[in-house]
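The values are calculated or read from the model by the stated rules, or taken from the named source; none is laboratory data. The structure displayed is predicted, hence computed values, not measured ones. Cβ atoms come from the backbone with ideal geometry, glycine included; neighbour counts cover every protein chain shown. Note: accessible area is taken over every heavy atom of the protein model, side chains too, but ligands, DNA and RNA are not part of it. Shrake-Rupley method; radii C 1.70, N 1.55, O 1.52, S 1.80 Å.
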Amino acid sequence: MLLIADHINYVYSQGTAYEKKALNDVSLTINKGEFIGIIGHTGSGKSTLIQHFNGLEKATDGTIYFNGQDIYDKDFDMKSLRSKVGLVFQYPEHQLFETTVLEDVKFGPKNLGLDKLEVDMRAFEAIRQVGLSEKCYDASPFELSGGQKRRVAIAGVLAMKPEILILDEPTAGLDPRGRDEILDQIATLHKEGLTVILVSHSMEDVAKYADRIIAMNAGRVAFDGTPKEVFRHFRELERMGLSAPQVTYVMQEMKELGLSVNTDVSTVDEAKAEILK
Ligand code: ADP
């Protein structure tokens, strides 16, 4: 078990007129090698939750264990947690600021105090991992396309060599091609052994890539299971302002029309296999 959230509660602006309970008794275990999709309506607590995973927010109540250590212990090395649990915010390209791609990607590992060779090696490797070519090294990040800029920002987090990579809506604002490229690249990183947490509004994307889905509702974990298990509750998901992937509804309609198909389907490939059967 890589990370455990143990009965986490979080209240913004506690004791003021703006007090807001954002997380309500959240308990979760994140295992090494998982690809987890987090879904939930706006305001359901997704961003607050992932900011607890790398210590950016501190629980009002409850605790987080990372590799068996309580991250709120006074001797716990919070700086090292921030590199081991890499968080890619929404529109991360807005945080690029160095004059070249290479310098930008080196920023994180340099800050860890690593020697120059290690910093360089990590930056080269991270740029390769996000599918950018060496030709980009000396380019200004601002000359790149939106999708490329976002890859540079993701490379900056990968260069810290995280054990968990958390991405908050990494495809927001990208065209369909840029979106698929980024998600396929993330899937490759996962296949190479990285634990991935993807916050997404797209039910299709989480169904396609994640092997486990956590659905948040009003600060609580509403569902936690495989895509099939979670999307089986599509009626309840709808009441939370969510839905199942389109293809789940298509299968449902086929069944209602009298065809004997299994409706436990959440990707187009699964639907194809089921219909052919
Ligand atoms: P999500 O990422 O699912 O959209 P958030 O974690 O951003 O949800 O928000 C959870 C709840 O906390 C919402 O009701 C939101 O309005 C509130 N909230 C988020 N950030 C703040 C903040 N800085 N101050 C006060 N309330 C906040």
Once both label points are put 7 Å beyond Cα along the C-beta direction, the E143-L117 separation in nm becomes 3.1 nm
Dividing the surface of the Cα convex hull of the range 209-257 by four yields a projected area in nm² of 3.6 nm²
Taking a probe of 1.4 Å and leaving out DNA, RNA and ligands, the chain shows per residue an accessible area in Å² of 50 Å²
Taking the simple approach of a point 7 Å from Cα along Cα-to-Cβ for both T16 and T100, what is their distance in nm? 4.4 nm
Whenever you get a sec, compute what percent of the accessible area on the chain sits on carbon and sulfur atoms (1.4 Å probe). 50 percent
Charge tally in the Cβ shell below 11 Å around L259, where Lys, Arg are +1 and Asp, Glu are -1, L259 excluded: -2
Give the residue list of trypsin sites (Lys or Arg not before Pro) in the range 1-85 that are DSSP loop and have at most 10 other beta-carbon atoms within 10 angstrom. K74
Selected from F76, A271, S44, residue furthest toward positive end of dipole (the chain; charges at beta carbon): S44
Pick from E256, E229, E181 the residue whose mean-square fluctuation is largest in a GNM of the chain, springs joining Cα atoms under 10 Å. E256
Long pairs among K149/K228; K161/K272; K32/K228; K46/K74, criterion Cα-Cα beyond 28 Å: K149/K228; K161/K272
Helix-only estimate, please: 222 nm mean residue ellipticity of the chain, summing -39500 (n - 2.57) across DSSP H runs of length 4 or more and dividing by its residues, to the nearest 500. -11000 deg cm²/dmol
Which residue, H52, H201, H233, has the most motion in a Gaussian network model of the chain that connects Cα atoms within less than 10 Å? H233
Which angle between 0 and 90 degrees, to the nearest 10, do you get for helix 146-158 versus the longest principal axis of the chain when only C-alpha atoms count? 70 degrees
How fast does the range 86-172 diffuse by Stokes-Einstein, in µm²/s, taking the Kirkwood radius from C-alpha pairs at 20 °C and 1.002 mPa s? 170 µm²/s
quick note, the chain, DSSP beta bridge pairs, % antiparallel (nearest 5) is 50 percent
GNM on the chain, Cα springs under 10 Å; top mean-square fluctuation among L114, L165, L194 goes to L114
Between 0 and 90 degrees, rounded to the nearest ten: what's the tilt of helix 176-191 against the longest Cα principal axis of the chain? 80 degrees
I'd like the accessible area for T195: 1.4 Å probe, protein heavy atoms, all chains in place, Å² to the nearest 10. 0 Å²
Before anything else, pin down the relative contact order of the range 42-125: Cα pairs under 8 Å, at least 6 apart, normalised by residue count, whole percent. 18 percent
By how many degrees, between 0 and 90 and to the nearest 10, does the Cα long axis of helix 116-129 differ from the longest principal axis of the chain? 30 degrees
Positive-end residue of H190, V221, S200, charge dipole of the range 186-233 with Cβ unit charges: V221
Average projection area in nm² (convex hull over Cα atoms of the chain, one quarter of hull surface): 16.8 nm²
